[in-house]
Amino acid sequence: MRTGVFFCQVENGKNLNIDAIAKYSANLPGVEIVQILGVKPHLDAKLLSEIIMTNKLNRLVIAGDMPGYYKPVFTKAMLLAEQNTDEVRLASFQEHGVRGEYALDRAKAIIACANMAVPFSLVASPKRNPVSHATLVIGAGIAGIQASLEIANAGKHVYLVEQTGTIGGHMAMFDKTFPTLDCAACILTPKMVSAGQHEMIHLLTKSRVSEVSGKPGAYRVKIHQHARYVDVDACVACNICADVCPVKVESEFDSRISLRKAIYIPFPQAVPNSYLVDPENCTYILSEGQKCGACVKKCPKECINLNETDKDIDIEVGNIIIATGYELLDVGKIEQYGYGKYPNVLTSLEFERLTNASGSTGGRIVTKTRQINKKTGADEWIFSPEGAPPRNVAIIHCVGSRNKNYNAYCSRVCCMYSLKFAHLIKEKIPNVNCYEFYIDMRAFGKGYEEFAERIKHEGTFVVRGHSTNVEMKGEQLIVRGEDILNDKMVEFYVDMVILAVGLIPAKGTDYLSRILGIARDPDGWFSELDYNGNPTDTERGGIYVAGMCQGPKDIPDTVAQASAVAAGVLGSISSGKGIGHLSSVTLSEIESRAKIIHTL
Amino acid sequence: MAIRINPTLIDELNSFGAEDVQLCYHCGDCSAVCQHSGEIFNFPRKSMRRLQMGLEQKIETTFEPWLCYYCGQCSTQCPREADPGESMMSLRRWLISRYDFTGIARQFFRSKLVEVLSIIGVAILTGLFLVIYGFSGGNLQIYDGEGAFLPSTFIHKFDLLIGSVMAIFLLINAIRMWYFTMIKGVDFNIPWWYWLKNIFTLPLHFFTQKRYAECESKNKSGIFMPWLIHLGLMLGYAIMLVLVMVYIEELQYGPDIIWKVHIFGYLASIGLIIGTVYFIRNRLIKSKYVQYKKSHDTDWVFVCLLFLIVLTGIAQHILHRTGIPYWANIIYVIHLMCVVPWLLRMPFSKWAHLVYRPLAMYFAAVYTDAKEKQEVISGSYAISVK
C-alpha cells in the first residue's frame, strides 16, 4: 500500500505538536507523503487528486481532531484519481481522546492504526485492574444524588461528598421546574431524604476532596471534612441556637437576598437536617473562645461543640463520579445591565429564591424596599414581605451567554427558565406586564416549544431583540432595546429587571481537574471522552462526569446522565472485567498489536 | 415593488472595510446602545441585515449611515465581534462611491495602488506646470511682488480654477445623493415648506457637529475628545479653504504680517495641526476609542496628505517671513503639489463627508417631519375606518 497522510485541523489544538506527529507518520511503513494542511483548510479535490496520482497513492489517512469533516473532499479526490474510495481512512483525534499528557503518543498510535487499516478501538484495550466496589460521588446536587441512589439501590457503597452543609445543590433553590411547572422541591426532597437515610450512602457534607492517588479501579482518596460544630445525629433542628445567635450574614442558599445567623440551617428541608456553624462569622470561633458562645449554653440537646476540629478521611474507591455543577457568571462585570448599581435588577437565581415559597418573602414577588441600616446609617435595599409588587417586569435573555466577550456558548436553560419566570409572575400578580427580550428562543426539548407558546398566549410580551441598556431615571428603571420584528426602538418603564445570567463551571472545577487529571474544554467544563459515543466517561478510566459540570444542561438531561453514569459504574463493578486506563498501554504495544491484526 | 438583491454586495463591501458583517446574529444590542438610533432611523442592526441580504437598493436610498458618527460603542458591545461600527463606516465609503457619477471614488476605495498613483501623478503634473510657469517669468529668489516665482494673482486664478472643478463635481454628487435618498428612497409626499423649515439644520450641523458630541453623552467627563478635535480640524479646514479661495493675495503678501487676515490662518493652522497629529497618533497606537482600531487605506491617505499640506504650508509661510524666499518658493511648490491632488480628490474621497453629512442631517430633519405627519394621517385614517 502507498499511503498519503494529510493533517487537517478544525480547531487549533495548541497543545498538540503536529510536526512531531507528522515526522513519526512519515516513517510508518508504506507512507509516501505527509502533508500538513493546517487549520480549516480550503481543499480542492482536483489538486488532491493530482497529488494522489503523482505519488501513486492508493490509501489516504486524514488525521486531525475531526477528520470526518474533510472526508467528502478526499473521497472525491480518490474518485478523480480512479482509486478505491474505501481506502480513505480517518484518524480522529477527538473521537479517541487525544488530550492531556498522553496526547502525543495517542495521536501517533491512532495514525499507525489508520495506516494499517486496523480499527483503533480494537487494539487499544487497556490493562484492566480489579475494581473496588465503593464509589465516590463528588457534588451532591440532583446529579450526584441521582447517581448515588442508583448505585446504592444496586447494593454498592457510595461516598457522597458535598462542599456545603446540605445536599440538594441548585435544584433545591428552585420553585418550579419547566416545562411541566412541577414543584422542584417535591421532586428533589424525597430523593434527598432517601439519599440521607440510605444505608449504602455515606454522606460527607462540608467536605472536599484533597488528594487522589492510585489507579483506575483502586483510587485512594483523601477527603478533608470541615468541622460542622454541631452533632448531626443529636441535633433536632429546634432553632433555639439560631434565635440566640447575634451574628447576621447574607444567606448563600437564598442567593444573598436574605439574612441568616452564624449558626444556621440552609433551608428547613436540608439533609442532613442539622444546624451548622459558619466559622468565618461566628464570634466565638473568631475570638478563639473569648466571646459569645450563647448557642452552646441554650442548646437543649447539648449537641453544639464550637471547639470541634476539621478531620481527614481516607477511603478507597473503584470509581469516581464528578457532579460538581455550575455557578452564575459574575454579572456585575457586564456594566450596562446595572446589576449591583440599581436595586431592582436581579439575577435569575435571586428571582428564583424570591418567588420560592420558602424564600424570605414567603413566595411573594415584590420590589425591594428602602431601609436604613441601624448600625451604619446607610440606605439599604431589602426584600420585605410588605414590599410593593412590580407592575412591569423585564426579563433579559442571554446575559453573558452567546457573547464572545464573556461566554461564547449557549447556557441552554435560560430561555426556558425565563419563560417560566414570566408564568410565575403572571400567576402571582394578575395585572403585571411581563416583557421578555430574547435573541433566539431555544425551546428544544420535549414539551418546551408548547410551553413557550403557552407563555406567549398568557399575555407575556415577547420582544425579539436583546436589550443591553438598563438605565435609571429617578426611581424608574428603563429598559431600552430594539423590537426587531416590529422594526421599532422600544423603551419600557419597568419596576424590576431579571437577568437570565449565563452559566460557568463551579469554582472548584479547575482544582478538581488538576487533582484528578481530567481535561477541560476551552470553556472550562470537564471534557468527556466522546461527546456522542461516551458522554459520561472521561479520559481517565473509572472517572465519570454527570450533570452540568460537563456542560450546561437542564434537569431532565442531568438526571438522565446521572443514571447513565450509574449504569457505567455498576457495569464496571459487576462485570468482573475490571477497568483500566488507556495510558497503561504504550505506543509500541499498540503498534505491535495492530501489526498482528494487520497480518491476520 | 419587487426588490432586487445583490448577493455579492457583502463581498464588495469587504474591500470597503466591512469584514465581519456575516457574523451578526441580530440581537439588536448595537441599536439599543446607539445614542442616535431612534423611532424613525434605526441602525446599525438594520444596515447589517440589509448587507447580509444584499438589499443594495435599500442601502443606496437611505442616508442612515450618515447619521452615525462612529463612536464605536456598538462594536465594543457586539457579542459576535461583527463590528457594526466599522460596517457603518464602510457603508459611508460605499455610499461616497455610489454618489460619485464618475466611478473614480470606487476605484480609489477599492485599490490602494490606483489611489496612490493618481495622487503622485497629479502632484508631478502640478509640479511640472508650476516650475515651467515660474521660470518663464519669475525668479526663484523672489517670493512675492514684482517678478515673483509664483505671483499671488496667478495662484488666485489657479486656485479658483481648481476650486470650481472640485465644486462642480461635488455639486453633481450632492444632487445625486439628494435624488437617491429623497426621491427614490421616499414613498410619501414631502411638502415643500418642510425644506424651508429645516434649512437651519444645515449650518447648525456643519458648524457644531452636535450629534457627534452627543455620541458619548453618557460619558462622565462631559466632553467627547474626538468630537472636539474633529470640530477644530474641520473649522480650521473651512477657514483655510475660504482664505485660500478668496484672500490668497493678502495671505501671500509679505514679509510683513497682515494680522486681520493672517490671524485666521494661524488659528486654522493650529486646529489643523492638532487634529491631524491627534488622528494619526490614535490610528497608530490604536487608542481606547474603537473607531481608530481599524484604518482603511483611504483614512491614512486622508490624514497623512492633510498633515503634509499643513506642514509645508506653515514652513513656506515661516521661510518667507524669515527672509529665505528661495526655499520658501521650493516648499511652496511642494505645498501646491500636495494641495492640488487633495482638492481634486475631494469629491471622490472620504473628504466628501464634509458635504454629505450636513446634507444628511438636513434630509433627516425633513424626512422625520414628513414621516411623522404621514403617520398621523395614516393613523387617523385607520381609526376612521373602524
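Checking each residue in segment B:75-126 for being among the charged types (D, E, K, R) and within 14 Å of chain A (Cβ to nearest Cβ) picks out B:R80, B:E81, B:D83. Just one of (1) more than 11 Å from chain A (Cβ to nearest Cβ); (2) of a type outside the set (D, E, K, R); (3) buried (at least 24 other Cβ atoms within 10 Å of the Cβ) fails for B:G72. It is (3). Filtered by the rule that a residue be more than 14 Å from chain B (Cβ to nearest Cβ) and either under 29 Å from A:G551 (Cα atoms) or of a type in the set (F, W, Y) (or both), segment A:469-498 gives A:Y493, A:I498. When the residues of segment B:7-35 are filtered to those that are surrounded by fewer than 18 Cβ atoms within 10 Å (Cβ to Cβ) and within 14 Å of another protein chain (Cβ to nearest Cβ), the one that is nearest to A:R402 (Cα to Cα) is B:Y25. The single condition from (1) under 22 Å from A:D231 (Cβ atoms); (2) at pLDDT below 95; (3) not basic (K, R) that A:I313 fails is (2). Against the conditions (1) surrounded by fewer than 17 Cβ atoms within 10 Å (Cβ to Cβ); (2) within 13 Å of A:V88 (Cα to Cα), A:T54 satisfies every one except (2).
Looking across segment B:153-199, the residues that are over 29 Å from B:W66 (Cβ atoms) and surrounded by fewer than 18 Cβ atoms within 10 Å (Cβ to Cβ) come down to B:T153, B:F154, B:K157, B:L160, B:L161.
Of the set (1) within 14 Å of chain A (Cβ to nearest Cβ); (2) farther than 23 Å from A:V463 by Cα; (3) buried (at least 18 other Cβ atoms within 10 Å of the Cβ); (4) of a type outside the set (A, V, I, L, M), all apply to B:N42 but (2).
Within segment A:429-440, the residues that satisfy the criterion of being within 13 Å of another protein chain (Cβ to nearest Cβ) and in a loop (DSSP other than H, G, I, E, B) are A:I439, A:D440.
Cβ-Cβ distances below 7 Å connect the following pairs, each with a first residue in segment A:442-468 that is away from chain B (no Cβ under 14 Å), a second residue that is polar (S, T, N, Q) and crowded, with 18+ Cβ neighbours inside 10 Å, and a separation of six or more residues or different chains: A:F461/A:N433. Identify the residue in segment A:1-18 that is in contact with a Gly (Cβ under 8 Å, 6 or more places away or on another chain) and surrounded by fewer than 19 Cβ atoms within 10 Å (Cβ to Cβ) and, among all such residues, is modelled with the highest pLDDT. The extreme case among them is A:R2.
Being in a loop (DSSP other than H, G, I, E, B), of a type in the set (V, I, T) and in contact with a Gly (Cβ under 6 Å, 6 or more places away or on another chain), is that true of even one residue in segment A:173-191? No; the residues of segment A:173-191 include none that is in a loop (DSSP other than H, G, I, E, B), of a type in the set (V, I, T) and in contact with a Gly (Cβ under 6 Å, 6 or more places away or on another chain). In the condition set (1) part of a helix (DSSP H, G or I); (2) farther than 24 Å from B:I162 by Cα; (3) touching a residue at least 24 places away in the same chain (Cβ under 8 Å), B:I119 is compliant with all but (2). Could you list all residues from segment A:406-422 that are under 15 Å from A:Y435 (Cβ atoms) and either without any contact (Cβ under 8 Å) to a residue 60 or more places away in the chain or in contact with a Cys (Cβ under 9 Å, 6 or more places away or on another chain) (or both)? Selection gives A:C415, A:F421, A:A422. Of the candidates B:Y237, B:Y253, B:Y266, the single residue that is without any contact (Cβ under 8 Å) to a residue 24 or more places away in the chain, among the aromatic types (F, W, Y) and closer than 30 Å to B:F154 by Cα is B:Y266. When the helices (runs of 4 or more DSSP H) confined to segment B:6-89 are screened for residues that are closer than 21 Å to B:K184 by Cα and under 21 Å from the mean Cα position of the chain (by Cα), those reaching at least 3 such residues are found at B:64-67. When segment A:457-511 is filtered for residues that are of a type in the set (S, T, Y) and more than 33 Å from the chain's Cα centre (by Cα), only A:Y493 remains. Considering the conditions (1) more than 27 Å from A:V123 (Cβ to Cβ); (2) assigned to a helix (DSSP H, G or I), A:V497 is excluded by exactly one of them, (2). Within segment A:499-517, the only residue that satisfies the criterion of being within 14 Å of chain B (Cβ to nearest Cβ) and either without any contact (Cβ under 8 Å) to a residue 40 or more places away in the chain or in contact with a Pro (Cβ under 9 Å, 6 or more places away or on another chain) (or both) is A:G502. Of the numbered criteria (1) within 21 Å of B:H320 (Cα to Cα); (2) at pLDDT 90 or above; (3) surrounded by fewer than 12 Cβ atoms within 10 Å (Cβ to Cβ), the one B:G127 fails is (3).
For segment B:235-288, filtered to residues that are polar (S, T, N, Q) and modelled with pLDDT of 90 or more, the residue that is farthest from B:D144 (Cα to Cα) is B:T276. Of the residues making up segment A:25-82, those that are farther than 20 Å from A:H598 by Cβ and of a type in the set (S, T, Y) are A:S49, A:T54, A:Y69, A:Y70, A:T75.
Residues that are among the small types (G, A, S) and surrounded by fewer than 16 Cβ atoms within 10 Å (Cβ to Cβ): find the strands (runs of 3 or more DSSP E) completely inside segment A:202-303 holding 1 or more of those. In segment A:202-303, A:207-215 are the strands (runs of 3 or more DSSP E) which contain 1 or more residues that are among the small types (G, A, S) and surrounded by fewer than 16 Cβ atoms within 10 Å (Cβ to Cβ). Inspection of segment A:136-143 identifies at least one residue that is under 19 Å from A:S563 (Cα atoms), part of a helix (DSSP H, G or I) and at pLDDT 95 or above.
When you look at A:E482, is it at negative phi, outside any loop (DSSP other than H, G, I, E, B), acidic (D, E) and in contact with a strand residue (DSSP E or B) (Cβ under 9 Å, 6 or more places away or on another chain), yes or no? So A:E482 fits the description; yes. Looking only at residues of segment A:354-405 that are of a type in the set (D, E, K, R) and more than 19 Å from A:V432 (Cβ to Cβ), we find that the one that is surrounded by the most Cβ atoms within 10 Å (Cβ to Cβ) is A:R402.
The values are calculated or read from the model by the stated rules, or taken from the named source; none is laboratory data. From a predicted model like this one, the values you see are computed outputs, not experimental measurements. Virtual Cβ from ideal backbone geometry, glycine too; neighbours counted across all protein chains shown.
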